[in-house]
Amino acid sequence: MFESRIGSLATAPHTPSASYEGQIKPERFTGMVELRLAKPLSLTQFGVNHVRLEPGAWSSLRHWHIAEDEFIYVLEGTLTLIDNNGPHELTPGMFAAFPAGERNGHHIQNRSDQPGIFLAVGSRRAGEETIHYPDEDFGPIQK
């Protein structure tokens, strides 16, 4: 018999804003809360995160992936996607994709005065992944 894999936002583990790139420029991530939805249910091929950005918060440093696809879907609020083509306003029901290897540095900012929430879905390529940060003065990071 197989185990039922069911979760809720109330019990999902979270990644505090001080982790990831937040260790490099923590002031940009104040007000970002990321809940891991897929990993606690033992999914290994892709991740799903529920991300809440308070006004002024960033999701990450602008980046792009060598080996991992990324997809975002806006649930609540007005968020701003920043990529190589500039800012793009995203509202509930809108989504964006970032194919692996495409050199389009991107991240999400909350430039509004209300919280914003989105789902982030990405493939997992542990040991194969290199992340590039085009606006930063450090080189690519391998994961």
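The values are calculated or read from the model by the stated rules, or taken from the named source; none is laboratory data. Just so we're clear, the structure is a prediction, and the values are computed from it rather than from any experiment. Cβ: placed from backbone, ideal geometry, glycine included. Neighbour counts: every protein chain shown. Areas reflect the complete protein model, heavy atoms only, side chains present, ligands, DNA and RNA absent. Shrake-Rupley method; radii C 1.70, N 1.55, O 1.52, S 1.80 Å.
I'd like the full set of residues that are of a type in the set (A, V, I, L, M) and open to solvent by 20 Å² or more (accessible area, probe 1.4 Å), limited to the stretch 59-77.
Listed by number, the residues that qualify are I66, A67, L75.
Listed residues G22, G56; which is open to solvent by less than 60 Å² (accessible area, probe 1.4 Å), of a type outside the set (D, E) and at pLDDT 90 or above?
G56
Pairs, please: C-beta under 9 Å, at least 6 apart or cross-chain, first residue closer than 16 Å to V33 by Cβ and open to solvent by 50 Å² or more (accessible area, probe 1.4 Å) and in the stretch 94-120, second among the acidic types (D, E) and in a strand (DSSP E or B)?
The qualifying pairs are Q114/E76.
If you take the residues of the stretch 106-140 that are among the aliphatic types (A, V, I, L, M) and closer than 18 Å to D69 by Cβ, which of them is nearest to the chain's Cα centre (by Cα)?
Result: A120.
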